[in-house]
Amino acid sequence: MVKSKQEMREVGVKPIAYLLKEKVWITPTIYCAAAILLSLASFYIELFVISRFDVHIPSIFLTGVEDAQTILGILTAAMLTMTTFTFSTILVVLTMYSSQFSPRAPENFIRSRTTRHVLGIFLAGFIYNMLSLLYLQEDVFDHEVLTTSIGILIVFFCIGAFAYYVHFVASNVQVSTLINKLIEDGEDVISYYEKLHEKDYVSLDSWKPQGEQQTIRADKAGYIQFFDLIGLVKFAEKQEIEIDLAVKIGDYLYEGKPMIHVYHKNGKQLDFKKYYAIGDDRTAEQDLGYAIQKVIEVAIRAISPGRLDPNTCNNILIRIGPLLGRMGHLKTDGLVLTDANENNRVLYRFSAYEDILYRTFHQISYHGKNDISVIASMTDSLLIAASLAPEERYEAIWKIQLYLLEGINEQELKSIDRNFLQQKLNDLAGLTGHPEIRIGSQSKK
């Protein structure tokens, strides 16, 4: 079936949107540029328009140049104070995120849409009032001006943004809010790949590239942060080539590592730099493993000796279960993307499902091996995953459950704890079609 352009856009990564989120300074810079343009526009309107139509403007909105200078000076100082306070708040929250939750949690706060826009609004308000104060000279204007009223309106808007930001910060310092955000990030990544599977998936057996192979190597060291998969499909269709992505999103690349294999018949040297990004840090936009890792790190920190908060850890493990279940429907052997004419164009390989499960539980199983509630919650998470995943994933789920049991010290389990965990283990065995085993011995009944 031929895919529409709208369907292609739905699953395609937009590099501009990604750049705006990745580079936090871009959004405030746009606001600052808009404030500079607005201040210039206000200056020329004051100079050439207001003097002609001031009789039609209510006098309450007009002020003399001297009064305007006084008011704008006060507003500029107030905006600078508000901006400084906001920056201080951000630093406090980032420090708390790093120490209480995870070293990778602060990026969710600093890259959030609210933080970027609020910073932009405050900086724009400060710049507008400061430049307007510079432009207002008594020897330039011999009439009353409107700029002061515009500056006051901007400050009112900034105050509203400030009040909202206080609420935003108060909400985001709560661990439940962070967990919800991290889970949503994981759901967004899975939804992205689900759309690719629904619209563009072709069996790996059909991948038989034709032509001469050209290898594109990494031009610098770093993590592969994203591939513009749909952009690559369109580019491959235009150039009549086939592309085999030799690395996965989230892999660390050294300079010169083979990254893309291109199959073509014309021998042209092609540039792929705009279709991928390599950076110093991993990002969760397309990285399944990293999205899960960030959540698990919060769970590990919750049961660390300095905090001892197993209930938060258990809540996270239960929330991860549905994510693992949905991941089970992804074709981890390989995703072949086709063009509008159903020609194979791009091959991308995910991490194996067994590897995703192992990386999800291997650290938390070590740190939580002495807490029965954490052990039981890991089994609950696998139960939820098994109930949502297809049958072909049952073997991998059962295998990781046996791995978790290996870390349990049976001698330290009390009788009721053993029975409690045994019941959950029996439920998982029945759901996945495996024989029941006894805790410790792992022998079949």
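For the reader, a short list of remarks on this structure follows.
- One residue alone among PHE361, PHE272 is modelled with pLDDT of 90 or more and either under 23 Å from HIS197 (Cβ atoms) or not polar (S, T, N, Q) (or both), and that residue is PHE361.
- Flag for LYS208 being open to solvent by 10 Å² or more (accessible area, probe 1.4 Å), basic (Lys, Arg) and closer than 27 Å to PRO106 by Cβ: no
- Positions within segment 105-139 being small (Gly, Ala, Ser) and under 30 Å from LYS294 (Cβ atoms), in sequence order: ALA105, SER112, GLY120
- Residues that are outside any helix (DSSP H, G or I) and surrounded by fewer than 18 Cβ atoms within 10 Å (Cβ to Cβ), drawn from segment 300-312: SER304, PRO305, GLY306, ARG307, LEU308, ASP309
- Selection within segment 243-289: residues that are open to solvent by 30 Å² or more (accessible area, probe 1.4 Å) and within 16 Å of the chain's Cα centre (by Cα). The member of this set that is farthest from HIS329 (Cα to Cα) is ASP280.
- Selected residue (criterion: nearest to VAL118 (Cα to Cα)) from residues of segment 37-51 that are exposed (fewer than 14 other Cβ atoms within 10 Å of the Cβ) and among the aliphatic types (A, V, I, L, M): LEU37
- Residues that are open to solvent by 50 Å² or more (accessible area, probe 1.4 Å), more than 22 Å from the chain's Cα centre (by Cα) and not aromatic (Phe, Trp, Tyr), drawn from segment 151-197: ILE152, LEU153, ILE159, ALA163, VAL166
- Residue in segment 104-116 that is among the hydroxyl-bearing types (Ser, Thr, Tyr), farther than 18 Å from ILE26 by Cβ, open to solvent by 10 Å² or more (accessible area, probe 1.4 Å) and out of contact with any helix residue (DSSP H, G or I) (no Cβ under 6 Å at 6 or more places or on another chain) present: no
- A residue that is within 30 Å of ILE300 (Cβ to Cβ), in a helix (DSSP H, G or I) and among the aromatic types (Phe, Trp, Tyr) can be found somewhere in segment 181-196.
- You will find that of PHE122, PHE156, PHE162, PHE126, the residue that is within 23 Å of ILE36 (Cα to Cα), part of a helix (DSSP H, G or I) and without any contact (Cβ under 8 Å) to a residue 12 or more places away in the chain is PHE156 and no other.
- Lone unmet requirement of (1) among the polar types (S, T, N, Q); (2) open to solvent by 40 Å² or more (accessible area, probe 1.4 Å); (3) farther than 30 Å from LEU178 by Cα for THR76: (2)
- Applying the criterion of being open to solvent by 30 Å² or more (accessible area, probe 1.4 Å) and outside any helix (DSSP H, G or I) to the residues of segment 391-416, the residue that is farthest from PRO435 (Cα to Cα) is LYS414.
- For segment 407-431, the set of residues classified as within 23 Å of GLY325 (Cα to Cα) and out of contact with any strand residue (DSSP E or B) (no Cβ under 8 Å at 6 or more places or on another chain) consists of LEU421, GLN422, GLN423, LYS424, ASN426, ASP427, LEU428, GLY430, LEU431, listed by residue number.
- Among the candidates SER351, SER377, residue that is over 30 Å from VAL233 (Cβ atoms) and polar (S, T, N, Q): SER377
- Number of residues in segment 83-102 that are of a type outside the set (S, T, N, Q) and either in contact (Cβ under 8 Å) with a residue 40 or more places away in the chain or surrounded by 15 or more Cβ atoms within 10 Å (Cβ to Cβ) (or both): the value is 6.
Condition check ((1) surrounded by fewer than 16 Cβ atoms within 10 Å (Cβ to Cβ); (2) not in a helix (DSSP H, G or I)) across all residues:
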site	(1), (2)
VAL298	no, no
ASN314	no, no
ILE320	no, no
ARG326	no, no
LEU330	no, yes
GLU342	yes, yes
THR360	no, no
ALA376	no, no
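The values are calculated or read from the model by the stated rules, or taken from the named source; none is laboratory data. Bear in mind the structure is a predicted one, so any value in this text is a computation, not a measurement. Methodologically, a virtual Cβ is constructed for each residue, glycine included, from the backbone with ideal geometry; neighbour enumeration extends over all protein chains shown. Quick note on the areas: whole protein, heavy atoms, side chains included, nothing else; ligands and nucleic acids left out. Shrake-Rupley method; radii C 1.70, N 1.55, O 1.52, S 1.80 Å.
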